[in-house]
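The structure under discussion appears below in the form of structure tokens.
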Amino acid sequence: GAVVSQHPSWVICKSGTSVKIECRSLDFQATTMFWYRQFPKQSLMLMATSNEGSKATYEQGVEKDKFLINHASLTLSTLTVTSAHPEDSSFYICSARDLRFGESSGNTIYFGEGSWLTVV
Amino acid sequence: SQQGEEDPQALSIQEGENATMNCSYKTSINNLQWYRQNSGRGLVHLILIRSNEREKHSGRLRVTLDTSKKSSSLLITASRAADTASYFCATDSLQAGTALIFGKGTTLSVSS
């Protein structure tokens, strides 16, 4: 089953409004979560690294005041798209790293199911 | 940020044929992973190959890794229509605070 859950799966909002997307780690605690954006027919672009209890680290070109990230607990990070515009319409996907079993366990990153945002 | 190129960008084949996709990356890695994504859906993890491995198999998938050339290939044998999807490589430095970095992807279309 899914170990990282994202909600909502899809959302439609009006221009100028804000929308919040949640990312939860279900089976483990995640001090770090990652947010990606994917435009149609393109790859996943890392937007920011969400750090529990501290400020997020944003990739170059990503507006931190527009994409607010809050990581208030070890199992939840939220991405809020503020004053959304049609060009913000995209697929947003989060991931979290499970460090319980150490690096030798292999894959330690799990992805949420993604959230489709349409701004009208 | 993105690691690099994948080629081809698009690949169309017939059922039963093999499909080969290549991925190049720029930085040092601990492992490289391949993902599949059906149109409009989330990611499906296919296979992980560590930096000290050169080849790995999983069912109809064969992955190679050449760290000297910073490149990897994914081979899907005996392709099926259900293999139609986009395929991405992603590199992991395995540092606790770092994310997977994705390549640009290959769109595979398998016709029956």
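The values are calculated or read from the model by the stated rules, or taken from the named source; none is laboratory data. Values in this document were obtained by computation on a predicted structure and should not be read as measured data. Every residue, glycine as well, gets a Cβ built from its backbone with ideal geometry; the counts of neighbours run over all protein chains shown. These accessible areas exclude ligands, DNA and RNA; they are computed on the full protein's heavy atoms, side chains included. Shrake-Rupley method; radii C 1.70, N 1.55, O 1.52, S 1.80 Å.
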Filter the stretch A:92-104 down to residues that are exposed (fewer than 14 other Cβ atoms within 10 Å of the Cβ) and not charged (D, E, K, R), then give me how many there are. 3
Elements of type strands (runs of 3 or more DSSP E) contained in the stretch B:1-42, each with 1 or more residues being within 11 Å of the chain's Cα centre (by Cα): B:19-24, B:31-37
What is the number of the single condition among (1) more than 22 Å from residue B:30 (Cβ to Cβ); (2) modelled with pLDDT under 95 that residue A:80 does not meet? (2)
Across the stretch A:96-120, the tally of residues that are polar (S, T, N, Q) and modelled with pLDDT of 95 or more stands at 2
Output for the stretch B:63-75, where each listed residue is within 10 Å of the chain's Cα centre (by Cα) and either small (Gly, Ala, Ser) or within 14 Å of chain A (Cβ to nearest Cβ) (or both): B:63, B:72, B:73
Specify the residue that is nearest to the other protein chains (Cβ to nearest Cβ); the eligible residues are those in the stretch B:96-112 that are touching a residue at least 12 places away in the same chain (Cβ under 8 Å), open to solvent by 40 Å² or more (accessible area, probe 1.4 Å) and farther than 15 Å from residue B:44 by Cα. B:104
Which is farther than 15 Å from residue B:23 by Cβ and β-branched (Val, Ile, Thr), of B:67, B:91, B:77? B:77
Could you grab me the full set of residues in the stretch A:1-15 that are open to solvent by 50 Å² or more (accessible area, probe 1.4 Å) and not β-branched (Val, Ile, Thr)? A:1, A:2, A:7, A:9, A:10, A:14, A:15
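Identify, from the list B:90, B:78, the residue that is away from chain A (no Cβ under 13 Å) and either outside any helix (DSSP H, G or I) or of a type in the set (D, E, K, R) (or both).
B:78
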If we ask which residues in the stretch B:52-68 are assigned to a loop (DSSP other than H, G, I, E, B) and free of Cβ contacts under 8 Å to residues at least 24 places away in the same chain, their number turns out to be 6
Scan the stretch A:58-91 residue by residue and report those that are in contact (Cβ under 8 Å) with a residue 40 or more places away in the chain, more than 11 Å from chain B (Cβ to nearest Cβ) and open to solvent by less than 60 Å² (accessible area, probe 1.4 Å). A:74, A:75, A:76, A:77, A:78, A:79, A:80, A:81, A:82, A:83, A:84, A:90
Exactly one of (1) out of contact with any Lys or Arg (no Cβ under 8 Å at 6 or more places or on another chain); (2) closer than 19 Å to residue A:98 by Cα; (3) more than 12 Å from chain B (Cβ to nearest Cβ); (4) not hydrophobic (A, V, I, L, M, F, W, C) is unmet by residue A:36. Its number? (3)
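Given the criteria in contact with a Gly (Cβ under 9 Å, 6 or more places away or on another chain), open to solvent by 40 Å² or more (accessible area, probe 1.4 Å) and within 24 Å of residue A:95 (Cα to Cα), does residue B:70 qualify?
Considered against the rule, which asks whether it is in contact with a Gly (Cβ under 9 Å, 6 or more places away or on another chain), open to solvent by 40 Å² or more (accessible area, probe 1.4 Å) and within 24 Å of residue A:95 (Cα to Cα), residue B:70 comes out as no.
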Can you find a residue in the stretch B:33-45 that is within 13 Å of chain A (Cβ to nearest Cβ), within 22 Å of residue A:46 (Cβ to Cβ), without any contact (Cβ under 8 Å) to a residue 40 or more places away in the chain and surrounded by 17 or more Cβ atoms within 10 Å (Cβ to Cβ)? yes
